[in-house]
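S.K.: One structure, pasted below without further comment.
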Amino acid sequence: MKLLILLMAVWNLITFLMMAIDKMKAKRDKRRISEKTLLLSSFIMGGIGIAAGALICHHKTRKLKFQILVPLSLIVNGAVIFALFFHFGIV
């Protein structure tokens, strides 16, 4: 259980850094991380990191796609954690 929590924390740190790096690249007009990659990372248990990165870095907050899908990914991530904890007793 502790390993799973550690892995999720590290993954969410990575997804947060993805948002921060993409914001830096946007400011410098460099090649960016695709929106598809950011959103996919969000749904693969990285919702907290992507949401935190969006809020702290003020990145992608005006895009309707992100306004809808990032909160949805948080709900999906929460449902997965809930299912693991209550249904399977894993977490």
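The values are calculated or read from the model by the stated rules, or taken from the named source; none is laboratory data. The shown structure was predicted, so the numbers you read here are calculated from the model rather than taken from an experiment. Cβ: placed from backbone, ideal geometry, glycine included. Neighbour counts: every protein chain shown.
S.K.: Checking the condition modelled with pLDDT under 95, over 8 Å from the mean Cα position of the chain (by Cα) and not basic (Lys, Arg), which residue from MET19, MET1, MET24 passes?
M.R.: Details: MET19 fails: modelled with pLDDT under 95; MET24 fails: modelled with pLDDT under 95.
On inspection, the qualifying residue turns out to be MET1.
S.K.: Restricting to the stretch 23-61, name every residue that is more than 12 Å from LEU74 (Cα to Cα), among the small types (Gly, Ala, Ser) and assigned to a helix (DSSP H, G or I).
M.R.: ALA26, GLY53, ALA54
S.K.: Limited to the stretch 63-91, what total is found for residues that are without any contact (Cβ under 8 Å) to a residue 40 or more places away in the chain, touching a Phe, Trp or Tyr at 6+ places or on another chain (Cβ under 7 Å) and either β-branched (Val, Ile, Thr) or surrounded by fewer than 12 Cβ atoms within 10 Å (Cβ to Cβ) (or both)?
M.R.: Summing the residues that are without any contact (Cβ under 8 Å) to a residue 40 or more places away in the chain, touching a Phe, Trp or Tyr at 6+ places or on another chain (Cβ under 7 Å) and either β-branched (Val, Ile, Thr) or surrounded by fewer than 12 Cβ atoms within 10 Å (Cβ to Cβ) (or both) in the stretch 63-91 gives 1.
S.K.: So, in the stretch 46-84, how many residues would count as being of a type in the set (Phe, Trp, Tyr) and within 26 Å of LEU6 (Cβ to Cβ)? Before you say what the answer is, go through the steps one by one.
M.R.: Start the filter on the stretch 46-84 by keeping residues that are of a type in the set (Phe, Trp, Tyr), which leaves 66, 82.
Among the residues that remain, those that are also within 26 Å of LEU6 (Cβ to Cβ) are: 82.
Adding up the residues that qualify gives 1.
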